[in-house]
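Right, one structure below, let's go through it.
The values are calculated or read from the model by the stated rules, or taken from the named source; none is laboratory data. Just so you know, these numbers come straight off a predicted model, no measurement behind them. Please note: Cβ atoms are built from the backbone with ideal geometry, for glycine as well, and neighbour counts cover all protein chains shown.
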(Lines give C-alpha, C1' and ligand atoms only; values in the text may rest on other atoms or scores of the structure.)
Protein backbone atom coordinates (compact mmCIF):
# COMPACT_ATOMS: atom_id res chain seq x y z
CA UNK A 1 0.00 0.00 0.00
CA UNK A 2 2.84 2.35 0.86
CA UNK A 3 4.59 1.57 -2.44
CA UNK A 4 1.39 2.25 -4.34
CA UNK A 5 1.00 5.54 -2.50
CA UNK A 6 4.56 6.58 -3.34
CA UNK A 7 4.02 5.64 -6.98
CA UNK A 8 0.82 7.68 -7.16
CA UNK A 9 2.56 10.63 -5.54
CA UNK A 10 5.45 10.45 -8.01
CA UNK A 11 2.99 10.22 -10.91
CA UNK A 12 1.24 13.33 -9.65
CA UNK A 13 4.54 15.21 -9.33
CA UNK A 14 5.62 14.21 -12.84
CA UNK A 15 2.25 15.19 -14.27
CA UNK A 16 2.43 18.54 -12.51
CA UNK A 17 5.90 19.18 -13.92
CA UNK A 18 4.74 18.30 -17.44
CA UNK A 19 1.77 20.63 -17.07
CA UNK A 20 3.91 23.58 -15.99
CA UNK A 21 6.47 22.83 -18.72
CA UNK A 22 3.60 22.87 -21.23
CA UNK A 23 2.44 26.19 -19.79
CA UNK A 24 5.93 27.63 -20.29
CA UNK A 25 6.07 26.53 -23.93
CA UNK A 26 2.56 27.85 -24.56
CA UNK A 27 3.45 31.15 -22.89
CA UNK A 28 6.30 31.66 -25.38
CA UNK A 29 4.04 30.79 -28.33
CA UNK A 30 1.39 33.26 -27.20
CA UNK A 31 4.08 35.93 -26.72
CA UNK A 32 5.11 35.61 -30.35
CA UNK A 33 1.46 35.64 -31.38
CA UNK A 34 0.92 38.88 -29.45
CA UNK A 35 3.85 40.62 -31.07
CA UNK A 36 3.08 39.31 -34.54
CA UNK A 37 -0.48 40.63 -34.45
CA UNK A 38 0.51 44.04 -33.07
CA UNK A 39 3.67 44.62 -35.10
CA UNK A 40 1.76 46.68 -37.68
CA UNK A 41 0.60 49.19 -35.07
CA UNK A 42 4.18 49.68 -33.83
CA UNK A 43 5.53 50.52 -37.31
CA UNK A 44 2.34 52.01 -38.79
CA UNK A 45 3.88 55.48 -39.33
CA UNK A 46 6.75 53.95 -41.34
CA UNK A 47 4.48 51.68 -43.38
CA UNK A 48 2.12 54.58 -44.11
CA UNK A 49 5.01 56.69 -45.40
CA UNK A 50 6.59 53.93 -47.50
CA UNK A 51 3.37 52.67 -49.10
CA UNK A 52 1.67 56.11 -49.20
CA UNK A 53 -1.30 55.10 -47.02
CA UNK A 54 -3.88 57.37 -45.37
CA UNK A 55 -5.73 56.71 -42.09
CA UNK A 56 -8.48 54.71 -43.80
CA UNK A 57 -5.97 52.51 -45.65
CA UNK A 58 -4.04 51.81 -42.45
CA UNK A 59 -7.32 50.87 -40.78
CA UNK A 60 -7.89 48.38 -43.62
CA UNK A 61 -4.48 46.82 -42.94
CA UNK A 62 -5.30 46.47 -39.25
CA UNK A 63 -8.71 44.98 -40.07
CA UNK A 64 -7.26 42.44 -42.53
CA UNK A 65 -5.15 40.70 -39.90
CA UNK A 66 -8.06 40.66 -37.47
CA UNK A 67 -10.56 39.42 -40.09
CA UNK A 68 -8.19 36.57 -40.86
CA UNK A 69 -7.92 35.80 -37.16
CA UNK A 70 -11.70 35.69 -36.83
CA UNK A 71 -12.04 33.25 -39.74
CA UNK A 72 -9.13 31.16 -38.46
CA UNK A 73 -10.59 30.93 -34.98
CA UNK A 74 -13.94 29.72 -36.34
CA UNK A 75 -12.71 27.26 -38.96
CA UNK A 76 -9.53 25.96 -37.36
CA UNK A 77 -11.11 25.80 -33.90
CA UNK A 78 -13.73 23.43 -35.30
CA UNK A 79 -11.01 21.41 -37.04
CA UNK A 80 -9.00 21.22 -33.81
CA UNK A 81 -11.98 19.50 -32.13
CA UNK A 82 -11.89 16.84 -34.85
CA UNK A 83 -8.26 16.21 -35.85
CA UNK A 84 -6.55 17.40 -32.67
CA UNK A 85 -5.25 20.59 -31.07
CA UNK A 86 -1.53 19.85 -31.59
CA UNK A 87 -1.47 19.40 -35.41
CA UNK A 88 -3.73 22.42 -35.85
CA UNK A 89 -1.39 24.49 -33.71
CA UNK A 90 1.77 23.41 -35.58
CA UNK A 91 0.38 24.09 -39.06
CA UNK A 92 -0.98 27.45 -37.91
CA UNK A 93 2.36 28.48 -36.40
CA UNK A 94 4.33 27.57 -39.53
CA UNK A 95 1.86 29.39 -41.78
CA UNK A 96 2.01 32.54 -39.64
CA UNK A 97 5.82 32.53 -39.81
CA UNK A 98 5.95 32.24 -43.59
CA UNK A 99 3.27 34.90 -44.11
CA UNK A 100 5.07 37.33 -41.78
CA UNK A 101 8.31 36.80 -43.72
CA UNK A 102 6.52 37.58 -46.97
CA UNK A 103 5.08 40.79 -45.49
CA UNK A 104 8.61 42.21 -45.55
CA UNK A 105 8.54 41.93 -49.34
CA UNK A 106 5.15 43.60 -49.92
CA UNK A 107 5.23 46.75 -52.07
CA UNK A 108 1.53 47.51 -52.46
CA UNK A 109 -1.50 47.90 -50.23
CA UNK A 110 -3.23 44.90 -51.83
CA UNK A 111 -0.31 42.53 -51.29
CA UNK A 112 0.25 43.68 -47.72
CA UNK A 113 -3.45 43.32 -46.84
CA UNK A 114 -3.58 39.80 -48.34
CA UNK A 115 -0.54 38.66 -46.36
CA UNK A 116 -1.85 40.13 -43.11
CA UNK A 117 -5.14 38.33 -43.77
CA UNK A 118 -3.27 35.01 -44.08
CA UNK A 119 -1.17 35.75 -40.99
CA UNK A 120 -4.27 36.53 -38.96
CA UNK A 121 -6.00 33.35 -40.17
CA UNK A 122 -3.10 31.24 -38.93
CA UNK A 123 -2.84 33.06 -35.59
CA UNK A 124 -6.57 32.66 -35.00
CA UNK A 125 -6.19 28.91 -35.40
CA UNK A 126 -3.20 28.87 -33.08
CA UNK A 127 -5.16 30.53 -30.27
CA UNK A 128 -8.25 28.34 -30.72
CA UNK A 129 -6.06 25.23 -30.41
CA UNK A 130 -3.68 26.28 -27.64
CA UNK A 131 -6.24 27.51 -25.08
CA UNK A 132 -8.05 24.16 -24.62
CA UNK A 133 -4.74 22.31 -24.95
CA UNK A 134 -3.39 24.11 -21.91
CA UNK A 135 -6.66 24.11 -19.96
CA UNK A 136 -7.06 20.35 -20.28
CA UNK A 137 -3.66 19.73 -18.71
CA UNK A 138 -4.80 21.33 -15.42
CA UNK A 139 -7.50 20.38 -12.90
CA UNK A 140 -10.65 22.58 -12.95
CA UNK A 141 -9.65 24.55 -9.84
CA UNK A 142 -6.38 25.65 -11.48
CA UNK A 143 -7.65 25.99 -15.02
CA UNK A 144 -8.58 29.71 -15.01
CA UNK A 145 -5.26 30.75 -13.45
CA UNK A 146 -3.25 28.58 -15.88
CA UNK A 147 -4.97 29.97 -18.98
CA UNK A 148 -4.69 33.55 -17.72
CA UNK A 149 -0.98 33.11 -16.92
CA UNK A 150 -0.45 31.76 -20.43
CA UNK A 151 -2.26 34.74 -21.92
CA UNK A 152 -0.06 37.17 -20.04
CA UNK A 153 2.33 36.28 -22.84
CA UNK A 154 0.02 38.11 -25.26
CA UNK A 155 0.51 41.67 -23.94
CA UNK A 156 4.05 40.77 -22.85
CA UNK A 157 4.82 39.90 -26.46
CA UNK A 158 3.55 43.34 -27.41
CA UNK A 159 5.62 44.93 -24.62
CA UNK A 160 8.89 43.17 -25.48
CA UNK A 161 8.26 43.43 -29.20
CA UNK A 162 7.30 47.09 -28.91
CA UNK A 163 10.44 47.85 -26.91
CA UNK A 164 12.59 46.06 -29.49
CA UNK A 165 10.77 47.90 -32.25
CA UNK A 166 11.36 51.26 -30.57
CA UNK A 167 15.08 50.45 -30.32
CA UNK A 168 15.43 49.06 -33.86
CA UNK A 169 12.92 51.25 -35.67
CA UNK A 170 15.76 52.96 -37.55
CA UNK A 171 16.44 49.63 -39.30
CA UNK A 172 13.18 49.96 -41.20
CA UNK A 173 9.85 48.16 -40.95
CA UNK A 174 10.75 45.49 -43.50
CA UNK A 175 13.63 44.16 -41.42
CA UNK A 176 11.39 44.03 -38.36
CA UNK A 177 8.85 41.86 -40.20
CA UNK A 178 11.69 39.67 -41.46
CA UNK A 179 12.95 39.13 -37.91
CA UNK A 180 9.46 38.42 -36.56
CA UNK A 181 8.87 35.81 -39.26
CA UNK A 182 12.16 34.03 -38.56
CA UNK A 183 11.51 33.89 -34.81
CA UNK A 184 8.00 32.52 -35.41
CA UNK A 185 9.32 29.71 -37.62
CA UNK A 186 12.01 28.85 -35.08
CA UNK A 187 9.22 28.13 -32.57
CA UNK A 188 7.68 25.36 -34.68
CA UNK A 189 10.07 22.69 -33.28
CA UNK A 190 9.20 23.88 -29.76
CA UNK A 191 5.55 23.30 -30.57
CA UNK A 192 6.38 19.63 -31.08
CA UNK A 193 6.89 19.37 -27.32
CA UNK A 194 3.18 19.92 -26.70
CA UNK A 195 1.08 16.83 -25.98
CA UNK A 196 -2.33 16.15 -27.49
CA UNK A 197 -5.34 16.10 -25.13
CA UNK A 198 -8.25 15.39 -27.45
CA UNK A 199 -7.84 11.60 -27.22
CA UNK A 200 -9.19 11.81 -23.66
CA UNK A 201 -12.35 13.53 -24.85
CA UNK A 202 -15.78 12.01 -24.53
CA UNK A 203 -16.19 12.99 -28.19
CA UNK A 204 -13.27 10.93 -29.41
CA UNK A 205 -12.16 11.02 -33.04
CA UNK A 206 -13.68 8.34 -35.17
CA UNK A 207 -16.67 7.61 -32.89
CA UNK A 208 -19.28 6.11 -35.27
CA UNK A 209 -22.12 7.26 -33.01
CA UNK A 210 -20.97 10.84 -32.98
CA UNK A 211 -23.57 13.31 -34.22
CA UNK A 212 -22.46 15.30 -37.27
CA UNK A 213 -23.32 18.48 -35.36
CA UNK A 214 -21.45 17.39 -32.22
CA UNK A 215 -18.60 19.90 -31.78
CA UNK A 216 -20.00 22.25 -34.45
CA UNK A 217 -21.23 25.80 -33.90
CA UNK A 218 -24.91 24.82 -33.51
CA UNK A 219 -24.30 23.01 -30.22
CA UNK A 220 -22.97 26.24 -28.68
CA UNK A 221 -26.51 27.62 -28.86
CA UNK A 222 -28.36 24.50 -27.67
CA UNK A 223 -28.54 22.48 -24.44
CA UNK A 224 -29.26 25.65 -22.45
CA UNK A 225 -26.22 27.61 -23.75
CA UNK A 226 -27.99 30.13 -26.02
CA UNK A 227 -27.98 33.23 -23.81
CA UNK A 228 -24.67 32.38 -22.20
CA UNK A 229 -22.98 32.18 -25.61
CA UNK A 230 -24.74 35.30 -26.93
CA UNK A 231 -23.95 37.43 -23.87
CA UNK A 232 -20.34 36.23 -23.65
CA UNK A 233 -19.93 36.98 -27.35
CA UNK A 234 -21.24 40.51 -26.80
CA UNK A 235 -18.84 40.99 -23.90
CA UNK A 236 -15.72 39.94 -25.78
CA UNK A 237 -16.87 41.75 -28.94
CA UNK A 238 -17.04 45.08 -27.08
CA UNK A 239 -13.86 44.41 -25.12
CA UNK A 240 -11.69 43.61 -28.12
CA UNK A 241 -13.20 46.47 -30.11
CA UNK A 242 -11.80 48.77 -27.43
CA UNK A 243 -8.43 47.10 -26.82
CA UNK A 244 -7.56 46.80 -30.51
CA UNK A 245 -8.66 50.34 -31.23
CA UNK A 246 -6.37 51.50 -28.45
CA UNK A 247 -3.46 49.26 -29.49
CA UNK A 248 -3.82 50.14 -33.16
CA UNK A 249 -4.23 53.89 -32.93
CA UNK A 250 -2.61 55.01 -29.67
CA UNK A 251 0.88 55.37 -31.21
CA UNK A 252 -0.50 57.28 -34.20
CA UNK A 253 -2.70 59.51 -32.03
CA UNK A 254 0.39 60.33 -29.95
CA UNK A 255 2.39 61.12 -33.09
CA UNK A 256 -0.46 63.24 -34.39
CA UNK A 257 -0.46 65.13 -31.09
CA UNK A 258 3.15 66.16 -31.59
CA UNK A 259 5.15 63.38 -29.93
CA UNK A 260 8.12 61.86 -31.77
CA UNK A 261 7.89 58.29 -33.24
CA UNK A 262 9.91 56.73 -30.42
CA UNK A 263 7.67 58.26 -27.74
CA UNK A 264 4.62 57.16 -29.73
CA UNK A 265 5.92 53.56 -29.81
CA UNK A 266 6.44 53.61 -26.03
CA UNK A 267 2.77 54.52 -25.62
CA UNK A 268 1.88 51.10 -27.00
CA UNK A 269 4.49 49.45 -24.79
CA UNK A 270 3.15 51.00 -21.58
CA UNK A 271 -0.43 50.17 -22.49
CA UNK A 272 0.48 46.49 -22.77
CA UNK A 273 2.89 46.56 -19.82
CA UNK A 274 -0.04 47.66 -17.70
CA UNK A 275 -1.92 44.69 -19.13
CA UNK A 276 0.80 42.30 -17.95
CA UNK A 277 0.69 43.70 -14.41
CA UNK A 278 -3.11 43.66 -14.40
CA UNK A 279 -3.29 40.06 -15.59
CA UNK A 280 -0.78 38.91 -12.96
CA UNK A 281 -2.71 40.72 -10.25
CA UNK A 282 -5.99 39.26 -11.45
CA UNK A 283 -4.73 35.67 -11.04
CA UNK A 284 -4.44 36.34 -7.30
CA UNK A 285 -7.87 37.95 -7.10
CA UNK A 286 -9.59 35.27 -9.19
CA UNK A 287 -8.68 32.60 -6.64
CA UNK A 288 -10.62 34.47 -3.96
CA UNK A 289 -13.45 36.21 -5.79
CA UNK A 290 -13.88 34.23 -9.01
CA UNK A 291 -13.01 35.20 -12.57
CA UNK A 292 -16.39 36.72 -13.47
CA UNK A 293 -16.50 39.24 -10.60
CA UNK A 294 -12.85 40.23 -11.03
CA UNK A 295 -13.16 40.82 -14.77
CA UNK A 296 -16.40 42.77 -14.37
CA UNK A 297 -14.93 45.22 -11.85
CA UNK A 298 -11.63 45.60 -13.70
CA UNK A 299 -13.28 46.49 -17.00
CA UNK A 300 -15.86 48.76 -15.33
CA UNK A 301 -13.03 50.71 -13.68
CA UNK A 302 -11.15 50.74 -16.97
CA UNK A 303 -14.09 52.39 -18.73
CA UNK A 304 -13.68 55.43 -16.46
CA UNK A 305 -9.94 55.57 -17.14
CA UNK A 306 -10.56 55.41 -20.90
CA UNK A 307 -13.06 58.29 -20.72
CA UNK A 308 -10.43 60.47 -18.99
CA UNK A 309 -7.48 59.60 -21.25
CA UNK A 310 -8.21 62.30 -23.82
CA UNK A 311 -7.50 64.96 -21.19
CA UNK A 312 -3.99 63.63 -20.51
CA UNK A 313 -2.37 64.36 -23.87
CA UNK A 314 -0.90 67.60 -22.56
CA UNK A 315 2.21 65.91 -21.14
CA UNK A 316 4.17 62.73 -21.70
CA UNK A 317 4.10 61.73 -18.03
CA UNK A 318 0.34 62.06 -17.67
CA UNK A 319 -0.25 60.21 -20.93
CA UNK A 320 2.07 57.35 -19.96
CA UNK A 321 0.39 57.06 -16.55
CA UNK A 322 -3.11 57.03 -18.03
CA UNK A 323 -2.18 54.37 -20.58
CA UNK A 324 -0.61 52.20 -17.87
CA UNK A 325 -3.80 52.35 -15.78
CA UNK A 326 -5.97 51.50 -18.80
CA UNK A 327 -3.67 48.60 -19.61
CA UNK A 328 -3.83 47.42 -15.98
CA UNK A 329 -7.63 47.35 -15.91
CA UNK A 330 -8.88 46.83 -19.45
CA UNK A 331 -6.13 44.75 -21.07
CA UNK A 332 -5.42 43.01 -17.76
CA UNK A 333 -9.09 42.06 -17.59
CA UNK A 334 -9.07 40.98 -21.21
CA UNK A 335 -6.40 38.36 -20.52
CA UNK A 336 -9.00 36.49 -18.45
CA UNK A 337 -11.41 36.19 -21.40
CA UNK A 338 -9.94 32.85 -22.59
CA UNK A 339 -10.27 31.44 -19.07
CA UNK A 340 -13.92 32.49 -19.07
CA UNK A 341 -14.47 30.79 -22.46
CA UNK A 342 -12.97 27.55 -21.13
CA UNK A 343 -15.45 27.57 -18.21
CA UNK A 344 -18.46 27.89 -20.50
CA UNK A 345 -18.05 24.70 -22.58
CA UNK A 346 -17.25 21.01 -21.96
CA UNK A 347 -14.19 19.35 -23.49
CA UNK A 348 -15.91 17.82 -26.51
CA UNK A 349 -16.73 21.29 -27.87
CA UNK A 350 -14.12 23.38 -26.10
CA UNK A 351 -11.98 24.33 -29.13
CA UNK A 352 -15.16 25.16 -31.05
CA UNK A 353 -16.44 27.29 -28.17
CA UNK A 354 -13.14 29.05 -27.63
CA UNK A 355 -12.84 29.60 -31.40
CA UNK A 356 -16.34 31.10 -31.48
CA UNK A 357 -15.56 33.46 -28.62
CA UNK A 358 -12.29 34.51 -30.26
CA UNK A 359 -14.16 35.07 -33.53
CA UNK A 360 -16.72 37.28 -31.79
CA UNK A 361 -13.84 39.21 -30.24
CA UNK A 362 -12.03 39.45 -33.55
CA UNK A 363 -15.14 40.91 -35.15
CA UNK A 364 -14.97 43.65 -32.56
CA UNK A 365 -11.24 44.01 -33.10
CA UNK A 366 -11.85 44.44 -36.84
CA UNK A 367 -14.38 47.20 -36.29
CA UNK A 368 -12.26 48.90 -33.63
CA UNK A 369 -9.40 50.01 -35.89
CA UNK A 370 -11.84 50.90 -38.69
CA UNK A 371 -13.98 53.02 -36.34
CA UNK A 372 -10.86 54.66 -34.95
CA UNK A 373 -9.64 55.50 -38.45
CA UNK A 374 -13.01 56.98 -39.42
CA UNK A 375 -13.19 59.09 -36.28
CA UNK A 376 -9.66 60.40 -36.77
CA UNK A 377 -10.32 61.11 -40.43
CA UNK A 378 -13.40 63.07 -39.33
CA UNK A 379 -11.16 65.17 -37.00
CA UNK A 380 -13.04 64.17 -33.85
CA UNK A 381 -11.32 65.74 -30.84
CA UNK A 382 -9.13 63.49 -28.72
CA UNK A 383 -11.30 64.16 -25.66
CA UNK A 384 -14.55 63.13 -27.39
CA UNK A 385 -12.83 60.17 -29.04
CA UNK A 386 -11.96 58.51 -25.73
CA UNK A 387 -15.34 59.28 -24.16
CA UNK A 388 -16.93 57.39 -27.07
CA UNK A 389 -14.50 54.50 -26.62
CA UNK A 390 -15.50 54.25 -22.94
CA UNK A 391 -19.10 53.34 -23.87
CA UNK A 392 -18.41 49.82 -25.29
CA UNK A 393 -15.91 49.30 -22.47
CA UNK A 394 -18.68 49.72 -19.88
CA UNK A 395 -21.06 47.56 -21.95
CA UNK A 396 -18.48 44.76 -21.88
CA UNK A 397 -18.28 44.93 -18.08
CA UNK A 398 -22.08 44.68 -17.77
CA UNK A 399 -22.17 41.73 -20.19
CA UNK A 400 -19.55 39.79 -18.22
CA UNK A 401 -21.55 40.37 -15.04
CA UNK A 402 -24.58 38.83 -16.75
CA UNK A 403 -22.52 35.88 -18.06
CA UNK A 404 -21.45 35.18 -14.49
CA UNK A 405 -25.11 34.76 -13.58
CA UNK A 406 -26.08 32.72 -16.66
CA UNK A 407 -23.11 30.35 -16.98
CA UNK A 408 -23.57 26.61 -16.46
CA UNK A 409 -22.68 25.62 -12.91
CA UNK A 410 -20.81 22.48 -13.96
CA UNK A 411 -18.66 21.92 -17.01
CA UNK A 412 -17.20 18.48 -17.63
CA UNK A 413 -13.39 18.17 -17.75
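Observations on the model:
- You will find that of 252, 271, 241, the residue that is modelled with pLDDT under 85 and either within 19 Å of the chain's Cα centre (by Cα) or part of a helix (DSSP H, G or I) (or both) is 252 and no other.
- Assessment of region 327-340 against the conditions (crowded, with 19+ Cβ neighbours inside 10 Å, assigned to a helix (DSSP H, G or I) and without any contact (Cβ under 8 Å) to a residue 40 or more places away in the chain) yields no matching residue.
- Test result for residue 53, touching a helix residue (DSSP H, G or I) at 6+ places or on another chain (Cβ under 7 Å), touching a residue at least 40 places away in the same chain (Cβ under 8 Å) and not in a helix (DSSP H, G or I): yes
- Against the test of being under 19 Å from residue 54 (Cα atoms) and in contact (Cβ under 8 Å) with a residue 40 or more places away in the chain, the options 248, 233 yield a single qualifying residue, 248.
- Exactly one residue among 89, 117 is assigned to a helix (DSSP H, G or I), surrounded by fewer than 23 Cβ atoms within 10 Å (Cβ to Cβ) and in contact with a helix residue (DSSP H, G or I) (Cβ under 7 Å, 6 or more places away or on another chain), and that residue is 117.
- Set side by side, the residues 135, 146, 129 differ, and just one is more than 24 Å from residue 330 (Cα to Cα) and touching a residue at least 40 places away in the same chain (Cβ under 8 Å), which is 129.
- Conditions (1) assigned to a helix (DSSP H, G or I); (2) exposed (fewer than 14 other Cβ atoms within 10 Å of the Cβ); (3) at pLDDT below 80; number of the one not met by residue 189: (3)
- Residues considered: 158, 128. Of these, the only one that is assigned to a helix (DSSP H, G or I) and modelled with pLDDT of 80 or more is 128.
- Conditions (1) surrounded by fewer than 18 Cβ atoms within 10 Å (Cβ to Cβ); (2) touching a helix residue (DSSP H, G or I) at 6+ places or on another chain (Cβ under 8 Å); (3) modelled with pLDDT of 90 or more; number of the one not met by residue 112: (1)
- Meets criteria (part of a helix (DSSP H, G or I) and either in contact (Cβ under 8 Å) with a residue 60 or more places away in the chain or farther than 24 Å from residue 189 by Cα (or both)) for residue 101: yes
- Single residue of 283, 287 found to be touching a helix residue (DSSP H, G or I) at 6+ places or on another chain (Cβ under 6 Å), in a helix (DSSP H, G or I) and either in contact (Cβ under 8 Å) with a residue 60 or more places away in the chain or at negative phi (or both): 283
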